[in-house]
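Note sheet for the following structure.
The values are calculated or read from the model by the stated rules, or taken from the named source; none is laboratory data. Quick caveat: nothing in here was measured; it's all calculated off a predicted structure. When we count neighbours, we look across all protein chains shown, and the Cβ atoms used for this are built from the backbone with ideal geometry, even at glycine. What goes into the accessible areas is simple: the full protein's heavy atoms, side chains included, and nothing from ligands, DNA or RNA. Shrake-Rupley method; radii C 1.70, N 1.55, O 1.52, S 1.80 Å.
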Amino acid sequence: MTEDTTPAESVDPADETVEVRENPERHRFDILVGGRQAGFAMFTTPAENPDDQRIFYHTVIDDAFGGRGLAGVLTRGALAASVEQGKRIVPVCPYVARWVRGHDDFADSVDRVKSVHLEAVRAVNAEADGTAS
């Protein structure tokens, strides 16, 4: 997953606190278990109206933390925080798209994926890969 991931084996079983928090510097929401990074949900914004929408395009849960339902906890926390901030959700990530289809409580806050959203994701991926022009 990421360099700062600590394997689940080092998490004190007595301290299994799960926390979802926004990490704006890295354009993502992190999920921590017992204070250890367990995964993240990446987001970006469209070039047009960047204050209106949040495009979720990649969700990761470290294998060491798998099977605990953490992807759902992360997705609910990230989307709820985004909606509270007045953002509309654009689910490009297949996991997030599947998740919102099963959770009607977010239906009024979800926008359909359009080419402008896919362009924004391609741009952020190109920047991360060092291939942006």
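A Förster radius of 30 Å combined with the Cβ-Cβ distance from Asp63 to Asp108 puts the calculated FRET efficiency at roughly 0.30.
Between the amide H of His27 and any residue lying 5 or more places away or on another chain, no distance stays under 5 Å, with hydrogens modeled in the peptide plane.
For the chain, the carbon plus sulfur part of the accessible surface works out to 47%, probe radius 1.4 Å. Based on Cα atoms of region 87-129, Rg over Rh with Rh as the Kirkwood radius reads 1.04.
For region 30-38, 3J(HN,Hα) computed residue by residue from phi via the Karplus equation (6.51, -1.76, 1.60; θ = phi - 60°) reads 9, 10, 10, 10, x, x, 9, 4, 10 Hz, glycine and proline entered as x. Working ranking of peptides 29-41, 55-67, 99-111 by packing, defined as the average number of other Cβ atoms within 10 Å per residue, highest first, is 29-41, 55-67, 99-111. Average accessible surface for the chain: 57 Å² per residue, computed with a 1.4 Å probe over protein heavy atoms with every protein chain in place.
Cα-based values for region 10-133, radius of gyration first and Dmax second, are 14.8, 49 Å. Given R0 = 35 Å, the distance between the Cβ atoms of Glu127 and Arg21 translates into a calculated FRET efficiency of 0.90.
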